[in-house]
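Have a look at the structure below, then the notes.
The values are calculated or read from the model by the stated rules, or taken from the named source; none is laboratory data. What you are looking at is a predicted structure, and each value in this text was computed from that prediction instead of being measured. No Cβ is skipped: glycine too gets one built from the backbone with ideal geometry, and neighbour counts run over all protein chains shown.
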């Protein structure tokens, strides 16, 4: 018969290992320092969106972490140097997002709607990482509901006004 201590020891060890792994995978302090984002404007079909521009590694690492929910006419655009399979996750987010991946011609290659946040390091083991089906040059994050509100489809097109 298993005693209470015999059952608790493996559970405690597993919890410690998961906690350590979670803390080790958090971005370094230098990456989490306050980052200034340039601003620009894009359009998706006929919908203008004011965007924060994440066009460098520190800006992309920081993303929308710790920010409050955005109005539906604002978002963050991740700009990469070349097309690729860029994954995103929701660590330290405070609200759910809609996400769209665009190729170099502004065509949507992947859409994710209502992606839930991972607000703490304790959730890191279950925090989903989203990987698109095709290569993208841009990723747009907006408040959840944006895609439905503005009738965004796989045929929608991104137009860069100023970034």
Right, residue 111: more than 21 Å from residue 161 (Cβ to Cβ) and either touching a strand residue (DSSP E or B) at 6+ places or on another chain (Cβ under 6 Å) or loosely packed, with under 14 Cβ neighbours inside 10 Å (or both) or not? yes
Practice task
For residue 138, state whether it is closer than 21 Å to residue 36 by Cβ and out of contact with any helix residue (DSSP H, G or I) (no Cβ under 6 Å at 6 or more places or on another chain).
Solution key: yes
>> Any residue that is at pLDDT below 90 and either surrounded by 14 or more Cβ atoms within 10 Å (Cβ to Cβ) or part of a strand (DSSP E or B) (or both) - is there at least one of those in the stretch 137-147?
In response: no
For residue 58, the lone unmet condition from (1) surrounded by 15 or more Cβ atoms within 10 Å (Cβ to Cβ); (2) touching a helix residue (DSSP H, G or I) at 6+ places or on another chain (Cβ under 8 Å); (3) over 11 Å from residue 138 (Cβ atoms) is (1)
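Restricting attention to the stretch 68-96, report how many residues are more than 12 Å from the chain's Cα centre (by Cα), free of Cβ contacts under 8 Å to residues at least 40 places away in the same chain and either assigned to a loop (DSSP other than H, G, I, E, B) or surrounded by 14 or more Cβ atoms within 10 Å (Cβ to Cβ) (or both).
Adding up the residues that qualify gives 2.
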Inside the stretch 97-108, the number of residues satisfying the requirement of being out of contact with any helix residue (DSSP H, G or I) (no Cβ under 7 Å at 6 or more places or on another chain) and buried (at least 16 other Cβ atoms within 10 Å of the Cβ) is 8
Query raised in the report: Just a yes or no: is a residue in the stretch 19-37 modelled with pLDDT of 85 or more and surrounded by 13 or more Cβ atoms within 10 Å (Cβ to Cβ)?
Result: yes
